[in-house]
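> Here it is, the structure, as structure tokens.
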Amino acid sequence: MPSALDTPQEAAALAESLLPPLGNRWLHTQAVAARAREVSAAVPESERDLLVSAAWLHDLGYAPELHDTGFHPIDGARHLVRLGAPDRLVRLVAHHSGAVYEAEQRGLSAELAAYEREDSPLLDALIYADMTTGPAGQSFVFERRIDEILVRYEVGSVVHTAISKARPYLAGAIQRTQDRLTRAADQSANGL
Ligand SMILES: [Fe+2]
């Protein structure tokens, strides 16, 4: 019986069972999970574990064993469905970091539409954690992370085009998360 994947520990264990052979991808994943924990004040307390679980699993679909459509957010989501993961966790993984833009470039919009996107502080914070962490786990500011992706992929390629189109959407998620963190810090400084 697979685990229910409703704790960050279970999510981390699943990630660790598939991603370490991928090297940098595993370093990136561990750093995104740590970053998600750091910024978890941007989401309600009851959602903080889910944020960290989603961070552990967001890039699971890069594991060669899970290769299906070849688009990692969908391949990861499909595997999580097979494992009986909570719906919300599946949908967060399917829609992390503007997946809808790349799905369109790949002709996979219908496949991605099987999973509803929630526009929420939680998805914003997941985007923040991913988009401020470099490909080998470095800490990057958002603009540098986007520029780094654009340099890695050729102009006119699927990823380059998708990230260019997604940039304003991703920037909005970053800004909203920063605003929520500022508010949370102010409230705790004021003892509220
Ligand atoms: Fe990803």
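> Compute, for the range 8-189, the length of the dipole vector about the Cα centre, with Cβ point charges of +1 (Lys, Arg) and -1 (Asp, Glu) only. Units Debye, rounded to 20. Before the final figure, lay out each step's value.
Numbers: 18 positive and 25 negative charges, 45 e Å.
Charge dipole of the range 8-189: 220 debye, to the nearest 20.
> On to the next question. Using all alpha carbons of the chain, what is the percent of pairwise distances in each 5 Å bin, ordered from the shortest bin to the longest?
Per 5 Å bin, starting at zero, the Cα-Cα P(r) for the chain comes out as 1, 8, 16, 22, 22, 16, 8, 3, 1, 1, 0 percent.
> If you count only protein heavy atoms with a 1.4 Å probe, what accessible area per residue comes out for the chain, rounded to a whole Å²?
Values: 8970 Å² over 192 residues.
In whole numbers, the chain has 47 Å² accessible per residue.
> Taking R0 as 45 Å, what FRET efficiency do you get between Thr7 and Glu104 from their Cβ-Cβ distance, rounded to the nearest 0.05? Can you show the working numbers first?
Numbers: r = 34 Å, r/R0 = 0.75.
The calculated FRET efficiency here is 0.85.
> Contour minus end-to-end for Gln175 and Ser188, with contour as 0.36 nm per residue of separation and end-to-end as the Cα-Cα distance? Please report the intermediate quantities before stating the final value.
Details: separation 13, 0.36 × 13 = 4.68 nm, distance 2.00 nm.
Separation in residues times 0.36 nm, less the Cα-Cα distance, equals 2.7 nm.
> Hey, can you grab everything whose amide H is under 5 Å from the amide H of Thr133? Only 5+ residues off in sequence or another chain; H modelled, so Pro and N-termini drop out.
Excluding prolines and chain starts, which carry no amide H, the hits are Phe140.
> As a check on your grasp of the helix formula, calculate [θ] at 222 nm for the chain: sum -39500 (n - 2.57) over DSSP H runs of n ≥ 4, divide by the residue count, round to the nearest 500.
Working: 10 runs with 121 residues, N = 192.
The per-residue figure over the chain is -19500 deg cm²/dmol.
> If you roll a 1.4 Å probe over the range 8-189 with all protein chains in place, what percent of the accessible area is carbon or sulfur? If you can, show how the numbers build up before the last one.
On the way: 4110 of 8090 Å².
The nonpolar share, carbon plus sulfur, comes to 51 percent.
> Between the range 113-192 and the range 26-40, what is the C-alpha centre distance in whole Å?
So the separation of the two Cα centres works out to 13 Å.
The values are calculated or read from the model by the stated rules, or taken from the named source; none is laboratory data. Only a predicted model underlies this, so the values are computations on that prediction, with no experimental measurement involved. Glycine gets a Cβ as well: all are built from the backbone with ideal geometry, and neighbour counts include every protein chain shown. All accessible areas refer to the heavy atoms of the entire protein, side chains included, with ligands and DNA or RNA removed. Shrake-Rupley method; radii C 1.70, N 1.55, O 1.52, S 1.80 Å.
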